[in-house]
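Input: a single structure, listed below in structure tokens.
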Amino acid sequence: MRASPALAMFPAIADPATAPPPFASVAAGGDREGRKRQIGVSATTYKVITSETKGDLFVIEQANQRRGGPPLHIHHGEDELFFVLEGDYLVQVGETRFPLKTGDCVLGPRGVPHAWAFVGTTRGRMLLSYAPAGKMEAFFNAWEQLGFSPGGYSKEKDAALLRSYGMERIGPPIQL
């Protein structure tokens, strides 16, 4: 198929094989795939999926009404950015604990133990970004399929799951 002369100036558009992934808009409260997910203590929506960025980025929003969060863990291949959209959170990176409120963020670099907990009394929402995406989307899909309920973390069960996706459980969730 021959590209039109107007598109010849834009080779990425002219050749569908080299075109970037389609742009996507996800409405507030919406999920990129139109699904509802309950993962751990959070209602989770996917905002940017791994296939859209050729594996460079995966972004989710987690909405919380219950206090708590995941166990202390390490990502061996991904940096994780915690950005608070609403509410109060406590994020631990290494030995340091950061109280975060709406608009605050902190980076959890790969190889550094980290955990977070929703500590608010109303509602909270946090955007989590993973770069590169690695196996994070597959991890969250597996976590959901295994049916980990709020507060349902188990040392043995989640440690094995984390290891299979390039992470390591280091300790318990942040105690509130």
**OP:** Give the stretch 123-145 a look and list any residue that's free of Cβ contacts under 8 Å to residues at least 60 places away in the same chain, assigned to a helix (DSSP H, G or I) and either over 15 Å from Tyr165 (Cβ atoms) or of a type outside the set (A, V, I, L, M) (or both), or say none.
**Re:** Phe139, Asn141, Gln145
**OP:** Tell me, please, whether a residue that is within 16 Å of the chain's Cα centre (by Cα) and over 26 Å from Leu146 (Cα atoms) can be found in the stretch 30-53.
**Re:** yes
Original post:
If you take the residues of the stretch 22-72 that are hydrophobic (A, V, I, L, M, F, W, C) and not in a loop (DSSP other than H, G, I, E, B), which of them is modelled with the lowest pLDDT?
Top reply: Ile39
Original post:
Taking the stretch 49-68 as the region of interest, how many residues are within 18 Å of Val84 (Cβ to Cβ), open to solvent by 10 Å² or more (accessible area, probe 1.4 Å) and of a type in the set (Val, Ile, Thr)?
Top reply: 1
Original post:
Does at least one position in the stretch 79-96 carry a residue that is in contact (Cβ under 8 Å) with a residue 60 or more places away in the chain and within 14 Å of the chain's Cα centre (by Cα)?
Top reply: no
Original post:
Only one of (1) more than 20 Å from Lys135 (Cβ to Cβ); (2) crowded, with 18+ Cβ neighbours inside 10 Å is not met by Pro71, so which one is it?
Top reply: (1)
Original post:
If you take the residues of the stretch 104-121 that are more than 13 Å from Glu86 (Cα to Cα) and part of a loop (DSSP other than H, G, I, E, B), which of them is most open to solvent (accessible area, probe 1.4 Å)?
Top reply: Arg110
**OP:** For the stretch 80-92, indicate whether the set of residues that are among the aliphatic types (A, V, I, L, M), open to solvent by 30 Å² or more (accessible area, probe 1.4 Å) and under 25 Å from Gly171 (Cα atoms) is non-empty.
**Re:** yes
Original post:
If a residue has to be farther than 15 Å from Trp116 by Cβ and modelled with pLDDT of 90 or more to count, how many in the stretch 157-176 make the cut?
Top reply: 5
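The values are calculated or read from the model by the stated rules, or taken from the named source; none is laboratory data. Owing to the predicted nature of the structure, the values given are computational and were not obtained by experimental measurement. Positions of Cβ are backbone-derived with ideal geometry, glycine not excepted, and every protein chain shown enters the neighbour counts. Side chains included, ligands, DNA and RNA excluded: accessible areas come from the protein's heavy atoms. Shrake-Rupley method; radii C 1.70, N 1.55, O 1.52, S 1.80 Å.
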